[in-house]
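Below is one structure, written out as structure tokens, with a few remarks after it.
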Amino acid sequence: MSPGQNLNSAREFLAAYWRADLAAALTRCAPGATIELAKSLPLVTPAPVTDVLPRIFRDVYPRFEGGRFDVSIEATLADEERVLVEYTARGRLTTGSPFDCRYAAVLEFAAGKIERLRMYTDTRYVAAALMS
């Protein structure tokens, strides 16, 4: 696929991911697609996207008021096989605390579908705010 097509697919996947729309997110993924998070987080990865996304939607997103947060994309890079998206997520937690965290997501493509997703962030901050 072209870099532009991969970038559009990555944006559509991330938009679905950020709104906890599992069906829409999975339509952008290849069967057997995997996600990798930092080893310091309590979710054990690499693991199938089909296993990890439902857990994130069930256990993490409800920690935000209304189950929602805002996302702003700062930068993207794309080639025929990969897309890098740098973004910031902001919201208010149900504890009343603000949440403001930067992320980088690397999405690897094969035949127009996401094969592997790697997420990078401040794991101490995320674990303390969202997974404790």
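The values are calculated or read from the model by the stated rules, or taken from the named source; none is laboratory data. The shown structure was predicted, so the numbers you read here are calculated from the model rather than taken from an experiment. Cβ atoms come from the backbone with ideal geometry, glycine included; neighbour counts cover every protein chain shown. Accessible surface is based on the protein model in full, side chains and every heavy atom, while ligands, DNA and RNA are left aside. Shrake-Rupley method; radii C 1.70, N 1.55, O 1.52, S 1.80 Å.
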Measuring from a point 7 Å past the Cα of GLU81 along Cα-to-C-beta, which residues in region 104-132 have an amide N at less than 17 Å?
-> 106-118
Tally up the carbon and sulfur contribution to the accessible surface of the chain as a whole percent, 1.4 Å probe, everything protein left in place.
-> 53 percent
In nm, to one decimal, how far is the ASP51 label point from the ALA104 one, both placed 7 Å along Cα→Cβ?
-> 2.7 nm
Express in Å², to the nearest 10, the accessible area of ARG63 obtained by rolling a 1.4 Å probe over the protein heavy atoms while all chains stay in place.
-> 80 Å²
Find the accessible area per residue for the chain; the probe is 1.4 Å, ligands and nucleic acids are left out, and the unit is Å².
-> 52 Å²
CD proxy, 222 nm, the chain: helix-only mean residue ellipticity via -39,500 (n - 2.57) per DSSP H run with n ≥ 4, per residue, nearest 500, stands at -9000 deg cm²/dmol
Environment charge of ARG19, counting only residues whose C-beta is closer than 14 Å and scoring Lys/Arg +1, Asp/Glu -1 = 0
If one builds a Gaussian network model of the chain from Cα atoms under 10 Å apart, the most fluctuating residue listed among THR45, THR95, THR76 is THR95
Expressed as a rounded percentage, what relative contact order does region 1-87 have, with Cα pairs under 8 Å and six or more residues apart?
-> 34 percent
Built amide H within the under 5 Å cut-off of LEU93, gap 5+ = GLU65, PHE99
